[in-house]
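The structure under discussion appears below in the form of structure tokens.
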């Protein structure tokens, strides 16, 4: 196919490829800029939506609410025990029974600093009971720096309360 129509088709295809490339470049730039600009953990620092400490409840009360009603929406306070070592894209909060609760961030919109472990935080968001597949559990274990032996012990899906935070405040 030759002539003006073929030239136009080629130009349109070239423009589409340029748009895809620019979109990918912009997405990568935003991701790396955001990942590199995570402020260190310090009292009063907010991640994601700006929130206040007021009206936050404890993990035990939130879990009881979820068990009774199926979902909890609001603020919860707890101590951070683990943060994703790859990007800070999730964290774990200590529960009264010694276990932990997985916390992820709404729309993958913000990340936590790795030095947040040991700090108490207030999170605003939604908690529900979710099932984690074996593959998901192993993925989180790898991102958390668990040993190969610990990861191999994961063999069953697990139901747990998970929290999707839209904002986190360091206390």
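Every read-out reported here was derived from the displayed coordinates using simple, explicitly stated rules and does not represent laboratory data. Note that the structure is predicted; figures quoted are calculated from it, not measured. Please note: Cβ atoms are built from the backbone with ideal geometry, for glycine as well, and neighbour counts cover all protein chains shown.
Given 0.36 nm per residue, what is the gain on full extension from residue 64 to residue 171 after removing their alpha carbon distance, in nm?
36.2 nm
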Distance-filtered residues of segment 125-145 - backbone nitrogen under 20 Å, label point 7 angstrom along residue 54 Cα→Cβ: 125-126
Compactness of segment 72-119, expressed as Rg and Dmax over alpha-carbon positions, Å: 10.7, 30
Whole-angstrom Cα spans of segment 57-98 along principal axes, big to small: 35, 19, 15
Intensity falloff of segment 46-170 expressed as log10 I(q)/I(0), Debye formula with alpha-carbon point scatterers, at q = 0.17, 0.23 Å⁻¹: -0.85, -1.49
